[in-house]
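Everything below concerns the one structure shown next.
The values are calculated or read from the model by the stated rules, or taken from the named source; none is laboratory data. These numbers come from a predicted model, not from an experiment. For neighbour counting, all protein chains shown are included, and Cβ atoms are generated from backbone atoms with ideal geometry for every residue, glycine included.
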Amino acid sequence: MPHRHKELQDSRKRIDEIDEQILDLLAERAATVKQVIKSKVENQLPVFVPQREQEKADAFKALAVKRGIKPEWAEDFLRLIMSSSRDSQSQAKFPIATEEPKHILYIGGEGGMGKLYKRITEQTGHLAYSIDKSNWYELDELADKLDMVIITVPINVTEGVIERLKGRLSEKTILADFTSNKSKPIQAMLDAHSGPVLGLHPMHGPDVENLSKQLMVVCNARQGEQADWFVKQCELWGMRIIQADPAKHDHVMHLVQGLRHFVALLHGSFMKEYDLKPADMVDYSSPIYRAELMMTGRIFAQSAELYADIVFADEERRELLTNFFEHHQKLADLVRDNDREGFIREFEGVTDFFGKFATQALQESGYLINRLADRFA
């Protein structure tokens, strides 16, 4: 071993010992978390408590400063530990929001989202059922005892499934859906069912490790108060809740989902046309383009039918995309005409439109880029 490396032996050995001590403390913390889980279940407390987590982070940063440790790094470390704790909590039994278990049917329960929520429903102590293409006959046997029916099927068949439920559910049963469009499915449910109706949109996919910090959009349609227990249950699962107007929700989703996914197709299709292989591009990518490439690539690891349903969801969304093409042509003309000044004017106009959000985006994206570079570079 070179002499200069020998001089580091003692320090490296001590670092290894400290790392083992850190792991021992993390193991002790994990054991304590198990006691917290038990207490939360017994006392019907949620997995994720934002105020408690923020107070903990603030206190931890203050302690880090006293020890000469960068507070931002300390917060990252703590939040990673707390995320692991929430994941542990999500593998155990969840606190239940009702005195007695509810009977919840997931139509499309063999799909990704249906399986996820059925599993978590059962972990909570509710009684969960699943109906898919092969066992529709079971609906009539279950109907009288169902407290809630949640439709979690592809967008293009949702309204057909709702129509199939017409007259087959008890008036006390809450009818809800998980689709990313709300106005039309809600109207279809109101037409098909005389009881409580609720529009739901879980803003995540079926591959999440747990529901903690995930967002659930809730659109009350009829007798929404009858579903307060389910909203409370989502909160106990650790979810964030947003109450939304269906029309406003859909208008925002046209951009958040429809346009975003089409732009991903445009990006990927252009790469294919010019034989720009993703693996080659990663080698020459800055961290920010790597992040963009990964966000594009993850879409193509999923179902084409799913994204087609999202992009072609309704006429309003298709009209938005048509307007996008026309706007795209306007910007393309700047390039074709070598109009540098026009480009700058357009850029600065968008800067004014984004306002202080641009500064927030710079800060948050910088954090993501640095973490990505540190983990995968």
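Restricting Met216, Met271 to those that are modelled with pLDDT of 85 or more and within 23 Å of Met113 (Cβ to Cβ) reduces the list to Met216.
Can you tell me which residue within the stretch 189-242, out of those that are among the acidic types (Asp, Glu) and over 17 Å from Thr158 (Cβ atoms), is farthest from the chain's Cα centre (by Cα)? Checked the stretch 189-242; the qualifying residue farthest from the chain's Cα centre (by Cα) is Glu225. Note on the stretch 195-227: residues that are more than 20 Å from Ser170 (Cβ to Cβ) and among the aliphatic types (A, V, I, L, M) total 7. For the stretch 65-81, the tally of residues that are under 22 Å from Gly366 (Cα atoms) and either in the same structural domain as Met239 (by TED's automatic domain parsing) or in a helix (DSSP H, G or I) (or both) stands at 11.
Please pick out the residue among Lys118, Lys133 that is in contact with a Phe, Trp or Tyr (Cβ under 6 Å, 6 or more places away or on another chain) and of a type in the set (D, E, K, R).
Values: Lys133 fails: in contact with a Phe, Trp or Tyr (Cβ under 6 Å, 6 or more places away or on another chain).
None of the other options fit; the residue is Lys118.
Take Ser194 and tell me if it is of a type in the set (Gly, Ala, Ser), farther than 30 Å from Glu53 by Cα and not in a strand (DSSP E or B). In short, yes.
Going through (1) touching a residue at least 40 places away in the same chain (Cβ under 8 Å); (2) within 17 Å of the chain's Cα centre (by Cα) one by one, Pro246 falls short only on (2).
Let's see how each residue does on (1) within 22 Å of the chain's Cα centre (by Cα); (2) more than 30 Å from Asp374 (Cα to Cα):
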{"position": "Lys40", "(1), (2)": "no, yes"}
{"position": "Pro46", "(1), (2)": "yes, yes"}
{"position": "Val49", "(1), (2)": "yes, no"}
{"position": "Glu55", "(1), (2)": "no, no"}
{"position": "Asp58", "(1), (2)": "no, no"}
{"position": "Leu63", "(1), (2)": "no, no"}
{"position": "Glu72", "(1), (2)": "no, no"}
{"position": "Leu80", "(1), (2)": "yes, no"}
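In the set Gly238, Gly268, Gly205, Gly258, only one residue is touching a residue at least 60 places away in the same chain (Cβ under 8 Å) and assigned by TED's automatic domain parsing to the domain that holds Gln302; that residue is Gly258.
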